[in-house]
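Rule-based calculations on the coordinates, nothing more; no lab input. Worth saying up front: this structure is predicted, and the values here are computed from it rather than measured. Please note: Cβ atoms are built from the backbone with ideal geometry, for glycine as well, and neighbour counts cover all protein chains shown.
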Amino acid sequence: MNISSEYSANTSIDSADDCVLPQTHGVLLMIVNSIAAVVGTCGNIMVCIAVLTSTRLRRSSNFLLLSLAIADLVVTMICEPLVAAIVAKRAFSHDCASSLELAYVIGSNLSCSASVMHLAAISVDRFLAVVYPLRHGRIMNGSGLKIMLGVVWVVSIIFASCRIPFLKETSYLVFVMFVISYGLIIICYATIVTFLVKEKRRKNKLRARPTVVVNSKIERRVASTLAVVIAIFTACWLPMIVVFFAAGKSLVKMYGTAYMWIRSLALSNSAMNFIIYSARIRDFRDAYALICRKTLHCS
């Protein structure tokens, strides 16, 4: 089976006009995607190095962030450069660049599904850490973390593999994946919020040990930080999901200017997470600073 031909038949490019982008938008889109690719690649590599080298960052939640950074690297090292190349072809040669689109779809399906599933896994990890701290240590410090990461990547690869030859026929899989993942995220964080409200009410009645209080504050801080990560991911990807499921050509011409900007917004999320970590988690800031000092010293 010719996958490239199957892909072309399953996309919604009806004529050469669908491949034309105004050159002004083309240049801006190329700049935005190129900057996001460079910044995101450097930032996500720093996340990986920080978690692997800093003893203070060797926690289950941070290993999940390490794995999420790898998924983000697929976007910043593969998808965004491909988008920049696709935009260049459409803006300056009016070429649909179907082969580049196919490569982009493979990478974006893998990275998007992996990102959503990582966020669901992170929510489960935070739920256990805040609500069941003792069980969290036993589960996530053992084989639980490895199993969780294995499931995330295996399911993501299977999902991406099923989607490539049959984009239209498997659209429902995207819906199912998002509903299940976000359902799990909402349940976990709703439970966390309910638990924290109850804990606050008990605060004046019982005096917790100082160590327990400190650990509880750390877990709450991490949970709130990851809630920010989830919220920003949702804000970046929601327009893309709305267009994909609801708008269609009636509101946004697929592969047109508006769609390419919406696509670029979604992909830019992969360059944001390392900034969120540094803004809200001091251990990440310290690790980044150490990495930068060592890099400058070596150069």
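The simple Förster model, with R0 at 51 Å and r as the Cβ-Cβ distance, assigns C42 and V193 a FRET efficiency of 0.90. For the range 56-192, the direction-averaged projected area of the alpha-carbon convex hull comes to 9.7 nm². Couplings 3J(HN,Hα) of the range 65-70, computed from phi: 5, 4, 5, 5, 4, 5 Hz, in residue order, whole Hz [Karplus 6.51 cos²θ - 1.76 cosθ + 1.60, θ = phi - 60°; x for Gly and Pro]. For L290 and H94, the FRET efficiency from 1/(1 + (r/R0)^6), where r spans their Cβ atoms and R0 equals 35 Å, is about 0.10. A full extension of the chain between A85 and V151 corresponds to an added length of 20.5 nm, given 0.36 nm per residue minus the alpha carbon distance. The overall shape of the range 64-122 is prolate: from the C-alpha gyration tensor, with semi-axes ordered a ≥ b ≥ c, the ratio a/c is 1.5 or greater and a/b exceeds b/c.
I need the peptides 276-282, 220-226 ranked by packing, meaning the mean over residues of other C-beta atoms within 10 angstrom, with the highest value on top. Before the final figure, lay out each step's value.
Working: 276-282: 17.1, 220-226: 18.7.
Per-residue mean Cβ counts within 10 Å order the peptides as 220-226, 276-282.
The phi torsions of the range 76-92, fed into the Karplus equation with coefficients 6.51, -1.76 and 1.60 and a -60° offset, translate into couplings of 6, 9, 10, 5, 5, x, 5, 4, 4, 5, 4, 4, 4, 5, 6, 7, 10 Hz, rounded to whole numbers, with Gly and Pro shown as x. Each of A85, C112, L100 was placed along the dipole of the range 81-165 (beta-carbon charges, centred on the mean Cα), and the one lying farthest toward the positive end is C112. Across the range 84-162, the mean sequence separation of Cα contacts (distance under 8 Å, 6 or more residues apart), normalised by length, yields a relative contact order of 35 percent. The Rg/Rh ratio for the range 39-99, using Cα coordinates for both the radius of gyration and the Kirkwood hydrodynamic radius, is 1.24.
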